[in-house]
Amino acid sequence: MTQHTPGPWVANEHDWVESAAGGPIADVYEGSHQPPSTWDVKALSTRTANARLIAAAPDMLEALKLVWKNVRIEDAEAGMAVAKAIAKATGAA
């Protein structure tokens with residue numbers, strides 16, 4: 001299984017996601033196929049939110065792994081959600 005680029009990742013001022021060393025991870029768009037010249041304030045806001053979410057992914061994965069390993073999850077639905085998210089992120093899904 002291929003490993004992802006180690007975190008932390010950051011969303012820069014252009015809404016590109018980069019590794020802490022400055023290597024590219026993702027160029028983020030707002031979810032449509034419209035050319036950038038037609039983007040409005042809402043689209044740019046969505047693009048920034050998407051970049052922040054992607055940049056947080058390595059941190060969220062490590063947090064979920066810690067929860068899975070160290071916390072007794074008594075709610076079955078919550079436990080399945082944690083397990084599914086880890087599997088999706090690691091390619092085990």
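Key figures
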| read-out | value |
| --- | --- |
| Å² per residue, accessible surface of the chain at 1.4 Å | 73 |
| Rough spin-label spacing in nm, given labels placed 7 Å along Cα→Cβ, for Q3 and A43 | 3.9 |
| Computed [θ] at 222 nm, helices only, for the chain once each DSSP H run of length n ≥ 4 contributes -39500 (n - 2.57) | -17000 deg cm²/dmol |
| Pairs of Lys in the chain closer than 19 Å at Cα, counting only those 8 or more apart or on different chains | 4 |
| GNM flexibility winner over the chain from D15, D40, D75 (Cα, springs under 10 Å) | D75 |
| Inter-site label distance for K84 and V10 at 7 Å from Cα along Cβ, in nm | 3.5 |
| GNM result for the chain, Cα springs below 10 Å: residue of A51, A78, A43 fluctuating most strongly | A78 |
| Accessible carbon and sulfur surface of the chain relative to its total accessible area, %, 1.4 Å | 60 |
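The values are calculated or read from the model by the stated rules, or taken from the named source; none is laboratory data. Given the structure is predicted, the values throughout are model-derived calculations rather than measurements. Because the Cβ atoms are built from the backbone with ideal geometry, glycine has one as well, and the counts that use them run over all protein chains shown. SASA here: full protein model, heavy atoms, side chains in, ligands and nucleic acids out. Shrake-Rupley method; radii C 1.70, N 1.55, O 1.52, S 1.80 Å.
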